[in-house]
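The values are calculated or read from the model by the stated rules, or taken from the named source; none is laboratory data. Everything numeric in this text was worked out from a predicted model, so none of it was measured. Neighbour counts run over all protein chains shown; Cβ positions are idealised from the backbone, glycine included.
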Amino acid sequence: MTERIPFTRSSRDGPAFGTMPLSAVPRPRPSAENLLRVRRIRWNDDLLVVAAAGEIDLATAGRLEQALRGRLPAATVLDLSEVGFLGVAGLRVIESAAARARAEHRTTGVVADSRPVLRLLQLFGVDAHIPVYRHLDHAILEVPNR
């Protein structure tokens, strides 16, 4: 015995709009502004803290890159303690900002404490040439003195 498939009224292009389940309708992706918040905090004359919160991926890495552009002080701390996801695009932004800082004889440090972010920094060896701290207060004390 075979199962019977109930007949539904639909066009040949698919089910009628009224019968389509709501969960099947794709929701628009949140904007980059909603996925990643970036703040520049001038700690003192020689130190800038760039704090990011959210997800850093291909869609949002440009926001982080924009915050790390321009004239920067002698030391910059990138605070990723509120970042839940770091993609390779974000990693490239961090590495290019650190390379620029080295070329300009400035120092850079990264604060990260979530496992996904730390794991990516370790896998790609970023922690070998950029100091990574678990707490912002440690980075603020050590990065300007490097």
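Please determine, by comparing only the residues of the stretch 111-131 that are among the β-branched types (Val, Ile, Thr) and touching an Asp or Glu at 6+ places or on another chain (Cβ under 8 Å), which one is nearest to VAL49 (Cα to Cα). So that I can check it myself, show each step before the final result.
Taking the stretch 111-131 and keeping what is among the β-branched types (Val, Ile, Thr), we get 111, 117, 126, 130.
Checking which are touching an Asp or Glu at 6+ places or on another chain (Cβ under 8 Å) leaves us with 111, 126, 130.
Details: VAL111: 10, VAL126: 19, ILE130: 15 Å.
Among those residues, the one meeting the criterion is VAL111.
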Legend entry - Residue within the stretch 49-61 that is touching a residue at least 24 places away in the same chain (Cβ under 8 Å), crowded, with 16+ Cβ neighbours inside 10 Å and among the acidic types (Asp, Glu) present: yes
Legend entry - Neighbours by Cβ (under 9 Å, 6+ apart or cross-chain): first from the stretch 97-111, in contact (Cβ under 8 Å) with a residue 12 or more places away in the chain and within 18 Å of LEU136 (Cβ to Cβ); second among the basic types (Lys, Arg) and part of a helix (DSSP H, G or I): THR108/ARG100; THR108/ARG102
Inset, instruction - Please list, ordered by first then second residue, the pairs with beta carbon atoms under 7 Å, 6 or more apart or interchain, first in the stretch 126-146 and within 22 Å of ARG92 (Cα to Cα), second among the polar types (S, T, N, Q) and surrounded by 12 or more Cβ atoms within 10 Å (Cβ to Cβ). - result: ILE130/THR108; LEU136/SER81; VAL143/THR107
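Please specify each residue of the stretch 42-67 satisfying the condition of being among the small types (Gly, Ala, Ser) and in a strand (DSSP E or B).
Answer for the stretch 42-67, where residues must be among the small types (Gly, Ala, Ser) and in a strand (DSSP E or B): ALA51, ALA52, ALA53, GLY54.
Condition check ((1) aliphatic (A, V, I, L, M); (2) in a helix (DSSP H, G or I); (3) at pLDDT 95 or above; (4) more than 19 Å from ILE41 (Cβ to Cβ)) across all residues:
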{"position": "LEU78", "(1), (2), (3), (4)": "yes, no, yes, no"}
{"position": "GLU82", "(1), (2), (3), (4)": "no, no, yes, no"}
{"position": "HIS138", "(1), (2), (3), (4)": "no, yes, yes, no"}
{"position": "PRO144", "(1), (2), (3), (4)": "no, yes, no, no"}
Legend entry - Selected residue (criterion: surrounded by the most Cβ atoms within 10 Å (Cβ to Cβ)) from residues of the stretch 92-136 that are β-branched (Val, Ile, Thr) and assigned to a helix (DSSP H, G or I): ILE94
Legend entry - Test: VAL111 is under 22 Å from ARG42 (Cβ atoms), at pLDDT below 95, touching a strand residue (DSSP E or B) at 6+ places or on another chain (Cβ under 6 Å) and β-branched (Val, Ile, Thr): no
